[in-house]
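Notes follow once the structure below has been shown.
The values are calculated or read from the model by the stated rules, or taken from the named source; none is laboratory data. Quantities reported herein were computed from a predicted structural model and do not represent experimental measurements. Cβ sites come from the backbone with ideal geometry, for glycine too, and all protein chains shown count toward neighbours. What goes into the accessible areas is simple: the full protein's heavy atoms, side chains included, and nothing from ligands, DNA or RNA. Shrake-Rupley method; radii C 1.70, N 1.55, O 1.52, S 1.80 Å.
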Amino acid sequence: MAGNLTLTMIKPRAVEKNHIGPILGIINEHGFKIKAMKFTRLSKARAEQFYAVHKGKPFYETLTDFMSSGPIVAALLEHDNAVAEFRKLIGATNPDEAEEGTIRKLFAESMSHNAVHGSDSDENALIEAAFFFSETERY
Ligand code: ADP
Ligand code: MG
């Protein structure tokens, strides 16, 4: 059975451009419940840890530099079939390929500055949730 949790981050460039409010608004409008949320900044080492699965790929350095370049919003979201439903809402990794109305289509500048993260599996959603939030920080 599909899980009901997914983890998102509003990435540094979207934060810098004052897109936190609009993005959270879309997330709420689509029925995702915020279970935990944090305005924080990843160190380079923490960004490398978060994206360890991509270590060795050509974009890993750029990605971890970017993700540690400024504050982000991390949030744990609840919804039926959360991972797939949220990935549908954010659209393709490359904003040029993202469908109209998706968060990445609306707010992403490029493949690397693509506005938001979304977990890719139930297993990773739980790992990523634990990366940011203790049990007492979830409501
Ligand atoms: P997603 O965020 O859609 O799950 P991936 O997990 O494949 O995508 O990649 C993680 C992040 O790394 C992407 O959101 C994007 O910011 C960046 N990225 C992925 N592929 C590329 C690429 N070819 N060039 C630049 N950045 C990339
Ligand atoms: Mg991914």
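Regarding the range 97-104, can at least one residue be identified that is of a type in the set (S, T, N, Q) and either farther than 25 Å from A2 by Cα or in contact with a strand residue (DSSP E or B) (Cβ under 6 Å, 6 or more places away or on another chain) (or both)? Checking the range 97-104: not a single residue is of a type in the set (S, T, N, Q) and either farther than 25 Å from A2 by Cα or in contact with a strand residue (DSSP E or B) (Cβ under 6 Å, 6 or more places away or on another chain) (or both). Could you tell me which residue of the range 30-56 is surrounded by the most Cβ atoms within 10 Å (Cβ to Cβ), considering only residues that are part of a loop (DSSP other than H, G, I, E, B) and under 15 Å from the mean Cα position of the chain (by Cα)? Per the stated criteria, the residue is L42. Looking across the range 79-102, the residues that are assigned to a helix (DSSP H, G or I), surrounded by fewer than 17 Cβ atoms within 10 Å (Cβ to Cβ) and more than 14 Å from ligand 2 (Cβ to nearest atom) come down to K88, D96, E97.
Pick from the range 67-78 the residues that are farther than 17 Å from E128 by Cβ and open to solvent by 20 Å² or more (accessible area, probe 1.4 Å): which of them is farthest from ligand 1 (Cβ to nearest atom)? Talk me through it step by step, then tell me what you get.
We begin by selecting, within the range 67-78, every residue farther than 17 Å from E128 by Cβ; these are 69-71.
Of the ones still in play, those that are also open to solvent by 20 Å² or more (accessible area, probe 1.4 Å) are 69, 71.
Details: S69: 12, P71: 17 Å.
Here the residue is P71.
In the range 69-93, how many residues are within 14 Å of the chain's Cα centre (by Cα) and more than 21 Å from I34 (Cβ to Cβ)?
2
The set of residues from the range 127-139 being crowded, with 16+ Cβ neighbours inside 10 Å and of a type in the set (A, V, I, L, M, F, W, C) comprises A129, F132, F133. Looking only at residues of the range 103-121 that are within 14 Å of ligand 1 (Cβ to nearest atom) and assigned to a helix (DSSP H, G or I), we find that the one that is surrounded by the fewest Cβ atoms within 10 Å (Cβ to Cβ) is K105.
On the given criteria, is I27 in contact (Cβ under 8 Å) with a residue 60 or more places away in the chain and under 14 Å from M9 (Cα atoms)? Let's see the steps before the verdict.
Working: in contact (Cβ under 8 Å) with a residue 60 or more places away in the chain: yes; under 14 Å from M9 (Cα atoms): yes.
In short, yes.
Among L89, L106, which is hydrophobic (A, V, I, L, M, F, W, C) and within 20 Å of L76 (Cα to Cα)? Answer to the check: L89.
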